[in-house]
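Okay, structure first, notes after.
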Amino acid sequence: MNRTGLIIALAIAAAAGLLFGLDPQLDLGIARHFYNHTDPSGHVFAWRIFPPLMVFRNIGLWVGTILVAPAVIALVMKLVLPKSKMLVSGRAIVFLIATMALGPGLLVNVVLKDHWGRPRPIDVTEFGGDQHFRAWWDPRGDCPNNCSFVSGDVAGAFWTIAPAALAPPQWRVLAYGAALTLGTAMAAMRAMAGAHFVTDVVFAGVFTFLIIWLAYGFIFRWPRTQFSDEAIEAALERAGLACRAALEWFGHRTANEIAGPEAGDDKDETFQRRERGWW
């Protein structure tokens, strides 16, 4: 997570944005190659129903879930057992969960895909659909939701850069290589299936990387914002104890309501206020 990666990502975004922005037909031209690939039954974009690619997509979707699961489990266990030692470092938990939530979660699947109305290749009139093609920068498409810009699958695949950044130094290059390979392969597969244009998958990877880069700097690198594992663990312990206290109070209160008043409670001031209905 250094400036070299940031420069490369910004250069890719600038090149793709300018090239495909000035000539949007490039997106259609590339998609047409995959559209013309048919199977014996005459299905266009036939790679989308090619069994090995379908299996790879399903496996790729599970990789991110598997990698973020230890952080989620460690967080839940700390909240349930506040005095226990965390199984994953506090900063790693915040980094992994925050980047997954902000990147593939909020930015891609909430903000962009449901509000940027660019149709998918398989849905545009040029390829037999009923929606009008739009350049990557134009959100005024016919797609109502779950649209083409940007790819959620590709964003999830490129998110694996986040756990790769936390790998031991001797394994980090290999981890980065695996993450980039997974993201690139998922991008190629989604474009081949007619699910996304090339710009959809390119910007999915760029946006996800930028969120990871910023989060890494905020949590680990920049002195003014970085914090310690101990501080996060202490904060989670306080939150866990507060949750436990609230649950104990609620359980005690519920038990009392179910049991009803005991002898002499009608003389208690608190009980009398409750009976009057404003407790």
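The values are calculated or read from the model by the stated rules, or taken from the named source; none is laboratory data. Quick caveat: nothing in here was measured; it's all calculated off a predicted structure. Cβ: placed from backbone, ideal geometry, glycine included. Neighbour counts: every protein chain shown. Surface areas here come from the heavy atoms of the whole protein model, side chains and all, with no ligands, DNA or RNA. Shrake-Rupley method; radii C 1.70, N 1.55, O 1.52, S 1.80 Å.
Charging the Cβ of each Asp and Glu at -1 and of each Lys and Arg at +1, and nothing else, the dipole of the chain about its Cα centre rounds to 760 debye.
The residues Phe197, Phe158, sorted by heavy-atom accessible surface at 1.4 Å with ligands and nucleic acids left out, run Phe158, Phe197 from largest to smallest. In plain terms, the C-alpha convex hull of segment 91-167 casts an average shadow of 5.4 nm² when viewed from every direction. Computed extension length for Ala231-Leu28: 68.0 nm, one decimal, from 0.36 nm per residue of separation with the Cα-Cα distance subtracted.
With the highest mean first, a sort of the peptides 186-194, 28-36 on other beta-carbon atoms found within 10 angstrom per residue produces 186-194, 28-36. Counting only protein heavy atoms and using a 1.4 Å probe, what share of the accessible area of segment 74-222 belongs to carbon plus sulfur, as a whole percent? Reported share for carbon and sulfur atoms: 70 percent.
All distinct Cα pairs of segment 4-161 go into the 1/r average, and the inverse of that average, the Kirkwood radius, is 18.3 Å.
Set against the labelled values (1) 46; (2) 28; (3) 35, percent of Cα pairs over 30 Å apart computed from this structure falls on (1).
Springs join every pair of Cα atoms under 10 Å in this Gaussian network model of the chain, and among Trp171, Trp116, Trp249 the largest mean-square fluctuation is at Trp249. Per residue, the chain exposes 56 Å² of solvent-accessible protein surface, assessed with a 1.4 angstrom probe and all protein chains in place.
Rounded to 0.05, the FRET efficiency of the Thr181 and Arg221 pair, given R0 = 22 Å and the Cβ-Cβ distance, is 0.30.
One chain, two ends: Asp39 and Ala246. Fully extended at 0.36 nm per residue, the span grows by 68.5 nm beyond their Cα-Cα distance.
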